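The values are calculated or read from the model by the stated rules, or taken from the named source; none is laboratory data. All of these numbers come straight from a predicted model, not from anything done at the bench. Every residue, glycine as well, gets a Cβ built from its backbone with ideal geometry; the counts of neighbours run over all protein chains shown.
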Amino acid sequence: GIVWYVAYEFDDRRGRPRTNQAEHAMDFSYTPEQEKFRAELRRWLEQNSAEAFGRKGEGLGGSTASLLDVRDDGRWNQLLDYHRRLYKAGYVALHWPKQWGGGGASMIDQAIYQDEVLRLALPLYGANQLAIDRIGPTIMHLGTEQQKQRYLLKMLTGEEIWCQGYSEPGAGSDLAALQTRAVLDGDTFVINGQKVWTSLAHRADWQVLLVRTDPAAPKHKGISYLLVDMHSPGITVRPLVQITGDAGFNEVFYDNVRVPKENLVGELNAGWQVSIATLMYERVSGGTRHPVERTIGELLELAKKVDFQGGPAWKHPYVRQKLAQFAIEARCLRLSRHRSLSAQLKGKVPGAESSFGKLFATELNLRAAMFADEMLGAFANVEGGSLGAIDGGRWMHRTLAARGLTIAAGSSEIQHNIIGERVLKLPRG
Ligand SMILES: Cc1cc2nc3c(=O)[nH]c(=O)nc-3n(C[C@H](O)[C@H](O)[C@H](O)COP(=O)(O)OP(=O)(O)OC[C@H]3O[C@@H](n4cnc5c(N)ncnc54)[C@H](O)[C@@H]3O)c2cc1C
């Protein structure tokens, strides 16, 4: 509430929002050791991202989505190279406990890591985002000792890349309607069915897969959570091209795929609870991994170079108000991000409140990209590489990609429902 009324002004010379006393009062204060950590990390990130991706400070343009394009081996190999560097330097999973190869870092060090990585629009967890932000933590909390020993370290080293097989053609928001079947044959599950929208399936070595193991039980009670080798016979992966032109997700078909029983996480038919733990981690990540402040910074730069309604956009009161509002919201998001780290650090599975960050971050990201299109007018539609393209056509790509992020990990409508029912305790709609 109150934050919306905090006075915000722009410093015209530098084009950055000028903060006021009240806001400083809310800031973390950093110790000299933490400042040293930040400086070393910043140097490391700048140097290693430049070496891995070839362009200093440019990162990946705010999203790993286009890197995951199945058709571009070169970019994927750059991401793997960057991942291995992160692992060697000990930065790849600062939030994981040391016992499992993570950094066991304090909340403040994690906040510093997120801020510095997002400043350069780099991926938080290298090439293995899904493994490190949600699947590994799920196995850590709910897997067997043997599963922890077998899988966790290889997630960090990047030797095994993971994907997540939840959605099906008839089961998205209503995930518990899923139909992919697994039948026990001795000590082996035999799987038949189809998943869809599976990000990274074309690159993955392993997958977490939700399957129906008891079709007679109520729909939430007959589901199990399996770890599946993507190189198993009977798996077919077909890339899908998105509206951006990238092909980052896939259809996956299962034809008598055999999976050992020891790959079950949690109890048989109790996979729904395990899947929810993964989803909660995913939503935390959905609220943390978008470099929204950087995008807002780029919006400010854009406003300085284009005209809007017959004059410089930067001088137009409507544009200035919108930019100020975006800057405020992006700062609020960063502060909420810092706050949500503390729950994870206490070893808790994040709760329904993780929906807030996911909803707010992805909607802000979308509104910011759409506002760039509003400033650009007809130029918004000019693709990179074409005559008249502004900022290499990146805004159109961003607008198209941003819509998908409001759908992935549970659509905005679903997040509204969760916040309404489970956080605000409103009656069910
Ligand atoms: C970029 C991207 C990456 C993805 N990656 C993966 C992945 O790696 N693995 C995976 O398993 N899935 C993945 N998905 C799929 C994603 O989880 C689903 O798209 C999402 O859950 C929505 O399901 P759906 O597409 O079937 O839409 P539907 O569930 O059919 O929804 C259609 C529309 O109806 C609305 N709606 C549905 N139910 C309600 C309700 N109860 N109240 C109000 N509105 C409602 C939705 O908000 C939406 O607008 C990805 C999706 C995207 C866009």
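Of the residues that make up the range 330-345, is at least one surrounded by 16 or more Cβ atoms within 10 Å (Cβ to Cβ) and within 16 Å of the ligand (Cβ to nearest atom)?
no
Looking only at strands (runs of 3 or more DSSP E) that fall completely inside the range 108-196, which ones have 2 or more residues that are under 15 Å from residue 207 (Cα atoms), of a type outside the set (D, E, K, R) and in contact with a Ser or Thr (Cβ under 8 Å, 6 or more places away or on another chain)? Quick ask: steps written out before the conclusion?
Details: elements: 162-165, 181-185, 188-195.
Answer list for the range 108-196: 162-165, 188-195.
Assuming residue 246 fulfils every condition listed in (1) in contact with a Ser or Thr (Cβ under 8 Å, 6 or more places away or on another chain); (2) closer than 23 Å to residue 186 by Cα apart from one, which condition is it?
(2)
Select from the range 178-206 the residues that are touching an Asp or Glu at 6+ places or on another chain (Cβ under 8 Å), more than 9 Å from the ligand (Cβ to nearest atom) and closer than 25 Å to residue 242 by Cα and list them in ascending order.
178, 179, 180, 193, 194, 205, 206
For the range 213-237, what are the residues that are surrounded by 15 or more Cβ atoms within 10 Å (Cβ to Cβ) and either free of Cβ contacts under 8 Å to residues at least 24 places away in the same chain or closer than 25 Å to residue 150 by Cβ (or both)?
Across the range 213-237, the qualifying residues are 213, 223, 224, 225, 226, 227, 228, 229, 230, 235, 237.
Quick one: what pairs do we get from the range 189-200, first residue farther than 16 Å from residue 175 by Cα and without any contact (Cβ under 8 Å) to a residue 60 or more places away in the chain, second more than 7 Å from the ligand (Cβ to nearest atom) and of a type in the set (Asp, Glu), C-beta under 9 Å, 6+ apart or different chains?
Nothing qualifies.
Can you name the number of the only condition in (1) within 16 Å of the ligand (Cβ to nearest atom); (2) buried (at least 21 other Cβ atoms within 10 Å of the Cβ) that residue 368 fails?
(1)
Yes/no matrix, rows are residues, columns are (1) modelled with pLDDT of 90 or more; (2) among the polar types (S, T, N, Q):
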site: 273; (1), (2): yes, yes
site: 290; (1), (2): no, no
site: 294; (1), (2): no, no
site: 303; (1), (2): yes, no
site: 311; (1), (2): yes, no
site: 321; (1), (2): yes, yes
site: 330; (1), (2): yes, no
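Looking at (1) buried (at least 22 other Cβ atoms within 10 Å of the Cβ); (2) within 15 Å of the ligand (Cβ to nearest atom), which is the one condition that is false for residue 251?
The single condition residue 251 does not satisfy is (1).
Residue by residue through the range 207-226, note down the ones that are away from the ligand (no atom under 14 Å from the Cβ) and more than 16 Å from residue 273 (Cβ to Cβ).
Correct list: 215, 216.
Residue by residue, here is whether (1) within 15 Å of the chain's Cα centre (by Cα); (2) part of a helix (DSSP H, G or I); (3) among the β-branched types (Val, Ile, Thr); (4) modelled with pLDDT of 95 or more holds:
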{"residue": "343", "(1), (2), (3), (4)": "no, yes, no, no"}
{"residue": "348", "(1), (2), (3), (4)": "no, no, no, no"}
{"residue": "362", "(1), (2), (3), (4)": "yes, yes, yes, no"}
{"residue": "372", "(1), (2), (3), (4)": "no, yes, no, yes"}
